[in-house]
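Engineer: A single structure is presented below for examination.
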Amino acid sequence: MERIKKLLIDTGRDGMTALTGYMQEYGFYRAPCSTGHHLAKEGGLAEHSMNVLGAALALKKAWDASVSNDSIVICSLLHDIGKMGQYNKPYYVPNILKGRATKANPNPEPYQSDKKPYTSNTELLYIDHECRALSIISKYIDLTEEEQQAILWHNGLYGNFKYQIQGKETPLYMIIHFADMWASRVIEGGEEDEI
């Protein structure tokens, strides 16, 4: 938590202290990253965000990309902030299953699923987490146009904006997209959520 907070505040972006306070208060550091794929565990969202940052900085260096480090930090650490939820409601909630009743145990205890430990919160209207991210972030800091695009489109062809992307890619978008893919598929060994 302190590392993420320091990295974000060190960008010098006005309003970042208030945003990091919001993240702490409303569960960013406790939130899972997915329902049952990569880092579907408490704290998975923060861990994934740091993994994306590491991959994004490595890509920037390998590709000798002229992209601001501050933009990479902001987009890497905040691209999935919508997965923490909104309106004081978590985006993901524990997926509690009913135990199978038997003669020996007619009233089994409910339990959290092992295969899909979390599920989408039905108390929130369905809004893509990328859109939620921009909504949350824009209450506190100003993003550049390139940062907005990178966050909104970070799921690339796997997201709902796949038809808008072709031919409009920017270096920052490509770094964040490929870093997110590398983190979720290789470092974390999971698959991206459909949501």
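Readers should treat all values here as calculations from the given coordinates under stated rules, not as data from a laboratory. In this text, all values refer to a predicted model and were calculated from it rather than measured experimentally. FYI the Cβ positions are ideal-geometry reconstructions off the backbone, even for glycines, and counts take in every protein chain you see.
Engineer: Lys pairs in the chain, Cα-Cα under 22 Å, at least 8 apart or on separate chains: how many?
Structural biologist: Lysine pairs, 8 or more places apart or on different chains, close enough: 23.
Engineer: Could I ask something else about it? Provide the per-residue ³J(HN,Hα) series for the range 5-10, in order, calculated from phi with Karplus coefficients 6.51, -1.76, 1.60 and θ = phi - 60°, each as a whole number of Hz, with x at glycine and proline positions.
Structural biologist: For the range 5-10, the Karplus curve yields 4, 5, 4, 5, 5, 5 Hz.
Engineer: Could you check which residue among Ala179, Ala150, Ala62 shows the biggest mean-square fluctuation in a GNM of the chain with a 10 Å Cα cutoff?
Structural biologist: Residue with maximal mean-square fluctuation among Ala179, Ala150, Ala62: Ala62.
Engineer: Cα-based Rg (one decimal) and Dmax (whole number) for the chain, in Å?
Structural biologist: 17.7, 67
Engineer: On to the next question. Which net charge results for the neighbourhood of Tyr111, defined as the other residues with beta-carbon distances under 15 angstrom from its beta-carbon, given Lys and Arg at +1 and Asp and Glu at -1?
Structural biologist: +2
Engineer: Got the relative contact order for the chain handy, in percent, Cα pairs under 8 Å and 6 or more residues apart?
Structural biologist: After rounding, I find 26 percent.
Engineer: Could you give each residue of the range 77-83 its phi-based ³J(HN,Hα) in whole Hz, using Karplus coefficients 6.51, -1.76, 1.60 with θ = phi - 60°, and x for Gly or Pro?
Structural biologist: So the Karplus estimates, Gly and Pro as x, are 7, 10, 4, 10, 4, x, 6 Hz.
Engineer: I would also like to ask the following. Would you look at the GNM of the chain, springs on alpha carbons closer than 10 Å, and say which of Arg13, Arg30, Arg100 moves the most?
Structural biologist: Sorting by GNM fluctuation, first place goes to Arg100.
Engineer: So what is the orientation-averaged projected area of the range 46-133, using the convex hull of its C-alpha atoms, in nm²?
Structural biologist: One quarter of the hull surface, i.e. the mean projection, equals 8.3 nm².
Engineer: What list of ³J(HN,Hα) values in whole Hz, one per residue of the range 30-35 in order, does the Karplus curve 6.51 cos²θ - 1.76 cosθ + 1.60 (θ = phi - 60°) give from phi, with Gly and Pro shown as x?
Structural biologist: Listing the rounded values in order: 9, 5, x, 8, 7, 7 Hz.
Engineer: Separate question: What residues qualify as long-range amide H neighbours of Thr119, i.e. H under 5 Å apart, gap of 5 or more or another chain, H built at 1.01 Å from N?
Structural biologist: Val93, Asn95
Engineer: Calculate the spin-label point distance for Leu157 paired with Asn121, positioning each point 7 Å from the Cα along the beta-carbon direction, and give it in nanometres.
Structural biologist: Label-label distance for Asn121 and Leu157, simple model: 3.4 nm.
Engineer: Next up: Using alpha carbons only, how many angstrom separate the centre of the range 41-86 from the centre of the range 13-29?
Structural biologist: 16 Å
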